[in-house]
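Worksheet for the structure shown next.
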Ligand code: HEM
Ligand code: SF4
Ligand code: FES
């Protein structure tokens, strides 16, 4: 078909977490510009299966930009060349015929490679389990006007809650810092009345877990926010710093 | 764990120390640049020598000087320790990394800081050691202004000072606004102002500092 492309893929292959790993080169023929990047990987895996090779393991689930699973570092950027999208929302029309595309897993000590492009992001789950919740049952959603929340607060909490936990922020950061993720998860709760009562103990517990997992410190380079598919703002990190400082200096018990 | 030690041992607490000491060093730079700029009056160093004499003998300033050294050492050690810890957190680098998502100097604070540190050691040897630990100036054999002329008569020294001011400019270009972010001082209205202020501070101060050896070497200041 006209407009279809021939591409060269260089994909990271690694048998398991103790394998050293290496790049493998694959020639892709007749790729439609309308395919998503993951569909192109489906085509690759079909080829590999047909020739008796092991398919490339990569994470994916919703394929509609909301679950955050599709972690791929494509040509030097998390989720590829476009801003504010996940890999599943990246289409082959973003590439040209003859392109060489290098695909690597997220790189962070706290996100060890499991196999090929799949990394273990359970460190994020443990951070959430440490305090990213409201510990009383707040019941069904109430009538909107029962809990008066200012528009400013509602908008801010909503923007923070857009984080899908993909880990692109960690992947992009030269320090593999999880500050953008943690700050979004702390703020979405601490701004709202349901989350306020536990905000001090929450921020202490979540930051302690973040450090325990081995994520780096924040140098404020801004790489995280620039690569975040949900464009989570850096102001979340300032708010987290403020919250953490207050929790340790003023409110040391609650 | 005690709340304060919990704070200081956390990644955020370590950065808060960097931000506080960084801002303290910035306030010192402002005073230092102000006093030294007195040489630009081109009055044979009279005003400058008076200023330097005051700074060298005033008790309050001598006390703050001790704090300043403590702050500098803390900032340097903590900064390099953070570089080490952060390298451990990102233990494998990418084969291809675009890097367009952030400025090169925000990612090179450790290198820029190290260049500043090397410069500072030489700089302290040039002036601080001469004025405090020899009788050259206290004994009236020379003045700090004349000492400057001697030091800045050598081309390699001038080049090194100017180069170091580039390191300083880039360190501040990221550091100034970064310190406010670290301390949680972020605001819709004031943050753009802080960024602008930081930008001009980072250009003007190192420029003035760099002009000192240049204008002495070229004989613009007598
Ligand atoms: C007069 C000299 C200096 C000034 C005014 C200064 C100022 C600053 C400021 C304002 C920051 C930002 C802090 C933050 O992000 O919260 C910073 C960061 C930093 N400084 Fe300095 N600094 C100076 C000298 C040094 C020296 C000698 C070193 C040591 C080798 C150094 C190493 C660092 C490092 C590594 C960071 C980044 C820390 C991080 O974010 O991970 N600095 N500096
Ligand atoms: S902050 Fe953005 S990049 Fe980081 S996990 Fe959330 S959605 Fe992904
Ligand atoms: S597969 Fe769910 S966001 Fe891409």
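The values are calculated or read from the model by the stated rules, or taken from the named source; none is laboratory data. A quick note: this is a predicted structure, and the numbers were derived from the prediction, not measured. Ideal geometry is used to build each Cβ from the backbone, glycine not excepted, and the neighbour counts take in all protein chains shown.
Applying the condition of being within 16 Å of ligand 3 (Cβ to nearest atom) and within 14 Å of another protein chain (Cβ to nearest Cβ) to region A:116-147 and asking which residue is nearest to residue A:102 (Cα to Cα) yields A:117.
Scanning region A:86-133 for residues that are within 13 Å of the chain's Cα centre (by Cα) and surrounded by fewer than 18 Cβ atoms within 10 Å (Cβ to Cβ) gives A:120, A:122, A:125. Of all positions in region B:199-217, none carries a residue that is within 14 Å of chain A (Cβ to nearest Cβ) and either part of a helix (DSSP H, G or I) or touching a strand residue (DSSP E or B) at 6+ places or on another chain (Cβ under 7 Å) (or both). Restrict the check to region B:108-120 and report whether at least one residue is within 15 Å of ligand 1 (Cβ to nearest atom) and touching a residue at least 60 places away in the same chain (Cβ under 8 Å). Yes.
The residues of region A:208-223 that are surrounded by fewer than 22 Cβ atoms within 10 Å (Cβ to Cβ) and more than 20 Å from residue A:125 (Cα to Cα) amount to a single one, A:222.
Taking the criterion of being farther than 16 Å from residue A:169 by Cβ, facing chain A (nearest Cβ under 7 Å) and crowded, with 20+ Cβ neighbours inside 10 Å, the only residue of region B:87-122 that qualifies is B:109. One residue alone among A:159, A:226, A:205, A:178 is buried (at least 20 other Cβ atoms within 10 Å of the Cβ) and modelled with pLDDT of 95 or more, and that residue is A:178. When region B:70-86 is filtered for residues that are within 6 Å of ligand 1 (Cβ to nearest atom) and surrounded by fewer than 16 Cβ atoms within 10 Å (Cβ to Cβ), only B:80 remains. Among the conditions (1) surrounded by fewer than 24 Cβ atoms within 10 Å (Cβ to Cβ); (2) over 19 Å from the mean Cα position of the chain (by Cα); (3) modelled with pLDDT of 95 or more, the only one that residue A:195 does not satisfy is (3). For region A:16-38, the set of residues classified as surrounded by 15 or more Cβ atoms within 10 Å (Cβ to Cβ) and touching a strand residue (DSSP E or B) at 6+ places or on another chain (Cβ under 9 Å) consists of A:21, A:26, A:28, A:31, A:32, A:33, A:35, A:36, A:37, listed by residue number. For region A:209-250, the set of residues classified as more than 21 Å from residue B:107 (Cα to Cα), within 9 Å of chain B (Cβ to nearest Cβ) and in contact with a helix residue (DSSP H, G or I) (Cβ under 7 Å, 6 or more places away or on another chain) consists of A:210, A:239, A:240, A:243, A:244, A:245, A:247, A:248, listed by residue number. Checking each residue in region A:206-237 for being in contact (Cβ under 8 Å) with a residue 12 or more places away in the chain, within 16 Å of ligand 1 (Cβ to nearest atom) and either within 13 Å of residue B:12 (Cβ to Cβ) or touching a strand residue (DSSP E or B) at 6+ places or on another chain (Cβ under 7 Å) (or both) picks out A:210, A:215, A:216, A:217, A:218, A:219, A:220, A:237.
So which pairs qualify, if the first residue must be in region A:161-184 and within 14 Å of residue B:102 (Cα to Cα) and more than 10 Å from every other protein chain (Cβ to nearest Cβ), the second must be within 16 Å of ligand 3 (Cβ to nearest atom) and in a loop (DSSP other than H, G, I, E, B), the Cβ gap must be under 7 Å, and the two must be at least 6 apart or on different chains? Listed pairs, sorted by first residue: A:169/A:228.
Being without any contact (Cβ under 8 Å) to a residue 60 or more places away in the chain, more than 16 Å from ligand 3 (Cβ to nearest atom) and within 23 Å of the chain's Cα centre (by Cα) holds for only one residue in A:150, A:190, and it is A:190.
Listed here are the residues, each with its yes/no results for (1) more than 13 Å from ligand 2 (Cβ to nearest atom); (2) modelled with pLDDT under 95; (3) under 30 Å from residue A:208 (Cα atoms).
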{"position": "A:51", "(1), (2), (3)": "yes, no, no"}
{"position": "A:94", "(1), (2), (3)": "yes, no, no"}
{"position": "A:108", "(1), (2), (3)": "no, no, yes"}
{"position": "A:122", "(1), (2), (3)": "yes, no, yes"}
{"position": "A:125", "(1), (2), (3)": "no, no, yes"}
{"position": "A:130", "(1), (2), (3)": "yes, no, yes"}
{"position": "A:139", "(1), (2), (3)": "yes, yes, yes"}
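The criterion of being within 16 Å of ligand 3 (Cβ to nearest atom) and either surrounded by 16 or more Cβ atoms within 10 Å (Cβ to Cβ) or touching a residue at least 40 places away in the same chain (Cβ under 8 Å) (or both) holds for residue A:59. Can you find a residue that is more than 30 Å from residue B:18 (Cα to Cα) and more than 16 Å from ligand 3 (Cβ to nearest atom) anywhere in region B:192-214? There is at least one residue in region B:192-214 that is more than 30 Å from residue B:18 (Cα to Cα) and more than 16 Å from ligand 3 (Cβ to nearest atom).
You will find that of B:191, B:182, B:143, the residue that is surrounded by 13 or more Cβ atoms within 10 Å (Cβ to Cβ), touching a helix residue (DSSP H, G or I) at 6+ places or on another chain (Cβ under 8 Å) and at pLDDT below 95 is B:143 and no other.
The number of residues in region A:71-98 being outside any helix (DSSP H, G or I) and either closer than 17 Å to residue A:231 by Cβ or assigned by TED's automatic domain parsing to the domain that holds residue A:168 (or both) comes to 11.
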